[in-house]
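I have placed the structure first, in the form of structure tokens, so that the comments after it can refer back to it.
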Amino acid sequence: MRSWPILPPELFDMDLFERTEEQDLLAAMLGRFLGDTTSPGQPWAGDFWRALGSELGVLAAPFPEPLGGTGGGMFDAAIVLEKLGEHGLATPYLDTVVMAGRALLRADENRHDNLLLAIGKGDEIVAVAHDERGLRGRAGPLRTVAQADDAGWRLTGLKCGVRFAPIARYLLVSAHSEDSDGPGLFLVPADRAGVTLSSYDAIDGAPCADVLLDGVHLGREDRIASNAAALSALLLDGEAGRCCESLGLMRAMLRTTADYARQRKQFGKRLADFQVLRHRLVDLYIALEQAEALTEAAVQGLARDLDRRPLLVAAARYSASTELNRVARDAVQIHGAVGMMIETPVARLFRRATVLQREGRDSQGSLSEVALCVGATLPDTHHDLLGRLQAVNAGAEALRAEVRAFLAKELTSELAWQADLETGAFSPPHVSTAWQRRLATKGWVAPGWPKEQGGTGWSPRERQAFEQEMALAGAPRLPAMGLQMLAPVLMRFGTAEQKARFLPRILTGDDFWCQGYSEPGAGSDLAGLQLRAARDGEHYRLNGSKIWTTFAQFANWIFVLARTDTQAARHRGISFLLVPLDSPGIEVRPIISISGDHEVNQVFFDDVLVPVTNLVGDENEGWEVAMYLLEHERGVGHQVPTLVRELARLRSIAESQPNASDGSMWDDPLFRTSFAQLEVRCLAIRLIEVHRVYSPARVAASQEMTASVLKLLWSEAGQEVDELVMQTLGSFAVVDLPDHFRDDEVITRDTNHKALSSTRRYLNNRVLTIAGGSSEIQRTVLARHILDIG
Ligand SMILES: Cc1cc2nc3c(=O)[nH]c(=O)nc-3n(C[C@H](O)[C@H](O)[C@H](O)COP(=O)(O)OP(=O)(O)OC[C@H]3O[C@@H](n4cnc5c(N)ncnc54)[C@H](O)[C@@H]3O)c2cc1C
């Protein structure tokens with residue numbers, strides 16, 4: 001059995017993502033200073049640099065206290081880089097402070113503390129000379145060579161595109177050291193004989209040079225490191241730093257573009273009023289959020305020396321560079337001709353972005369790096385490895401162990417097999433209810449509910465651990481309509497009687513609920529609903545129909561939105577009612593979906609009487625109740641962890657599909673690249689969920705926004721995983737399997753049953769971006785929040 005590398009568990013420890021108060025202050029102070037004193041793309045200015053060092057103390061911040069800093073390390077450096085990026089400034093901060101500074105601090109041979117002190121004050125600039133023709137941010141092979149001689153070293157080679165070399169007093173040069181047969185880092189005074197600069201300005205205003213080293217004499221003390229790890233650390237710092245600057249740039253371009261779209265008028269309205277531009281801006285925001293999540297993880301990886309930091313940095317760099325490119329291009333596009341003028345801020349930012357994408361590794365190089373360790377974020381098929389994927393932190397570790405022990409005992413091969421064969425967006429009741437009953441014995445059916453209602457009382461971290469373990473193990477999904485959607489609504493809006501009557505039965509699975517929102521004439525525009533609920537004494541009399549009602553054929557209850565006041569404005573006059581499906585006058589008619597499965601129905605109401613006591617919230621105030629429910633439908637629960645499970649399914653299918661050269665698709669380089677792209681994306685989504693849902697500091701932020709961000713992300717990523725599954729299956733993907741393909745007589749347990757259910761899943765999963773608020777509707781919701789354009 002091959003074992004796969006896995007990501008460090010600390011990565012998902014949400015506390016790592018919180019900034020300290022001091023860091024917030026640093027960001028605010030620097031932001032103010034840069035706003036007051038600089039403009040995007042301004043030429044290099046030594047005064048500004050010295051002010052950063054001596055007045056603000058920003059340059060030394062990452063260094064330890066004895067060297068004038070606060071010991072903020074990579075965390076503080078990330079904040080500074082992001083701010084510099086936000087102001088579109090080309091500065092030597094990344095090269096001098098982050099790359100060279102941290103390399104000097106790590107130096108195993110000669111530390112040069114005086115130089116570090118001078119860097120901190122803004123008195124010295126060190127340029128990093130690593131790239132050579134064709135090297136593009138990779139560690140080697142290096143053509144620059146350091147030959148040992150009696151006095152020290154003689155350096156020979158050509159370094160290309162060395163930023164800030166013309167104004168640097170020192171160059172930090174990587175070279176193949178002949179004595180150690182590996183790379184070394186050398187501190188070279190820029191005015192030393194044999195150093196020749198061929199200088200030019202880059203399009204972001206940075207002074208650069210190609211540097212010829214022609215037998216440059218160095219002393220022994222000038223080599224600061226002589227091992228591959230030192231060079232690798234230097235390069236990782238550079239890549240992570242570029243990610244941070246990219247975030248700042250994206251943020252600035254997005255802000256500038258949104259401002260422009262709000263004030264520029266064409267066709268008699270603001271650009272921001274055109275839906276196509278709103279949605280485009282939302283996509284840019286989402287791009288930024290993904291790059292941000294991965295960059296934070298990379299910074300964590302470096303600051304905490306996590307084992308898999310090269311992978312984290314490569315993933316972040318791939319994302320940050322790709323998304324920066326997209327944001328930059330769209331930002332100029334949305335500015336129209338104004339974006340083409342060199343003095344417009346967006347044009348300046350674009351020029352800086354163009355350079356940043358070309359420094360160090362480019363996005364394709366970073367993606368290749370990720371593809372080398374493809375599958376690193378997935379669980380192994382063994383539980384012991386599965387466990388290692390997640391937290392070692394105190395609170396959740398004990399729970400994880402308990403959950404895994406429970407899964408080992410209770411998730412029978414029969415249940416896991418059935419869950420694997422599922423083809424729809426929800427687990428069918430015979431699977432989900434069986435699993436629910438097993439969880440009920442442990443009190444784990446409703447991790448998100450408060451303890452007094454039968455929930456677990458777990459902390460967010462524990463809840464997250466639980467959800468992830470369940471998804472990673474391939475446990476069936478629970479019936480969401482009651483547990484995740486209706487229950488929170490009853491807890492917030494229900495009467496004491498309703499809570500007492502319905503919540504316990506949701507918990508035990510005695511009631512199976514379905515959702516009656518959509519109607520033939522009311523889909524995305526839910527407020528157009530027409531199901532009439534006319535008051536008739538102590539009852540409502542319901543007439544009309546609901547459509548696309550998932551699993552109504554199995555449910556015994558339906559919650560419906562009905563119009564109780566036909567005169568009121570559209571969003572008023574709607575009420576939220578609980579209706580027994582065996583009420584006289586209800587008829588459920590099946591609708592066969594695109595896959596051939598029967599999941600949805602049309603439900604007809606013909607003079608159906610519903611007691612007034614089944615009204616949830618106030619009469620005519622059901623819209624608020626309905627929206628609260630949608631937040632729970634869209635946002636949280638198993639969907640994001642399920643992405644990892646779907647990737648694992650894809651891997652399993654790829655391993656069982658032959659490729660053209662006697663191997664499996666899993667070994668195919670093109671497949672691996674596509675898989676790596678998806679893996680990076682899913683990792684970003686998982687990290688965003690950690691930020692937005694489980695991080696206490698951010699829970700207070702708009703829940704509607706969180707729900708929409710996550711719904712958009714998991715549904716679209718889920719469909720992309722499906723696409724790759726279909727590509728991987730090749731001609732098998734078109735086989736129309738019979739309805740009874742679940743039976744053992746049709747497939748044996750040796751068959752890759754994950755492949756068998758894939759085509760139907762693919763067909764059914766079209767729904768992911770349609771139901772629960774389509775992707776277009778999510779973008780419209782997000783535009784309101786993000787762009788402040790009501
Ligand atoms: C398999 C399945 C299961 C479902 N289960 C349930 C269920 O259990 N209960 C329930 O109540 N409903 C359910 N639905 C219905 C689902 O919620 C609706 O399909 C959804 O709200 C979209 O409505 P619609 O299908 O009428 O599409 P429409 O609203 O007609 O939209 C058609 C297209 O136009 C786009 N569009 C619409 N308005 C706008 C706009 N303003 N701006 C830009 N684009 C727009 C949409 O994004 C979509 O792409 C289910 C649907 C499916 C397919």
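The values are calculated or read from the model by the stated rules, or taken from the named source; none is laboratory data. Just so you know, these numbers come straight off a predicted model, no measurement behind them. Heads up, the Cβs are rebuilt from the backbone with ideal geometry, glycines too, and the neighbour counts pull from every protein chain shown. We work out accessible area using only protein heavy atoms, side chains counted, and drop any ligands, DNA or RNA first. Shrake-Rupley method; radii C 1.70, N 1.55, O 1.52, S 1.80 Å.
What 222 nm value per residue comes from the helices of the chain, counting each DSSP H run with n ≥ 4 as -39,500 (n - 2.57) and dividing by all residues, nearest 500 deg cm²/dmol?
-14500 deg cm²/dmol
At a probe radius of 1.4 Å, what is the per-residue accessible area of Ile203, in Å² to the nearest 10?
90 Å²
Heavy atoms of the protein only, probe of 1.4 Å, neighbouring chains included. What is the accessible area of Phe732 in Å², nearest 10?
Answer for Phe732: close to 70 Å² accessible.
With a 1.4 Å probe and every protein chain left in place, work out the accessible area per residue of the chain in Å², rounded to a whole number.
39 Å²
Please compute the contact order of the chain in relative form: average sequence separation of alpha-carbon pairs under 8 Å and at least six residues apart, divided by the residue count, as a percent.
11 percent
In units of 2.2 N^0.38 Å, what is the alpha-carbon radius of gyration of the chain?
For the chain, the normalised Cα radius of gyration comes out at 1.07.
Among the GluC sites (Glu not before Pro) in the range 18-113, which ones are in a DSSP loop with at most 12 other Cβ atoms within 10 Å of the Cβ? Mind listing them?
In loop regions of the range 18-113 (DSSP not H, G, I, E or B), the sparsely surrounded GluC sites (Glu not before Pro) are Glu18.
What is the ratio of the Cα radius of gyration of the range 156-249 to 2.2 N^0.38 Å, with N the residue count, to two decimals?
Ratio of Rg to 2.2 N^0.38 Å for the range 156-249: 1.16.
Using a 1.4 angstrom probe on the protein heavy atoms only, line up Met341, Met250, Met491 by accessible area, largest first.
Most to least solvent-accessible, the answer reads Met341, Met491, Met250.
Roll a 1.4 angstrom probe over the protein heavy atoms and tell me the percent of accessible area of the chain that is carbon or sulfur.
51 percent
Quick one: ranking Phe559, Phe426 by accessible area, 1.4 Å probe, largest first, what do you get?
Descending order: Phe426, Phe559.
Pull out a ≥ b ≥ c, the square roots of the eigenvalues of the alpha-carbon gyration tensor of the range 491-626, then state rounded if a/c is under 1.5, prolate if not and a/b is larger than b/c, and oblate in the remaining case.
oblate
Using alpha-carbon pairs under 8 Å, 6+ residues apart, how would you state the relative contact order of the range 383-478 in percent?
Taking the mean separation of contacting Cα pairs over the length of the range 383-478, I get 39 percent.
Take Ser583 and Gln42, extend 7 Å from each Cα along the Cα→Cβ direction, and tell me the distance between the two endpoints in nm.
Using points 7 Å along Cα→Cβ, the separation is 6.9 nm.
Once both axes come from the Cα atoms, what is the angle between helix 460-473 and the longest principal axis of the chain, in degrees from 0 to 90, rounded to 10?
80 degrees
Accessible area, 1.4 Å probe, largest first: how do Asp108, Asp204 sort?
If we order Asp108, Asp204 from most to least accessible, we get Asp108, Asp204.
Given a 1.4 Å probe and the protein chains all in place, what does the accessible area of Ser39 round to, in Å² to the nearest 10?
For Ser39, the solvent-accessible surface is approximately 60 Å².
Treat every Asp and Glu Cβ in the range 491-626 as -1 and every Lys and Arg Cβ as +1, leave all other atoms uncharged, and give the resulting dipole magnitude about the Cα centre to the nearest 20 debye.
180 debye
Can you give the Kirkwood hydrodynamic radius for the range 383-478, in Å, rounded to one decimal and based on Cα pairs?
Kirkwood radius, the range 383-478: 13.8 Å.
Please report the relative contact order for the range 561-609, taking Cα pairs under 8 Å with a sequence separation of at least 6, and give it as a percent rounded to a whole number.
It rounds to 28 percent for the range 561-609.
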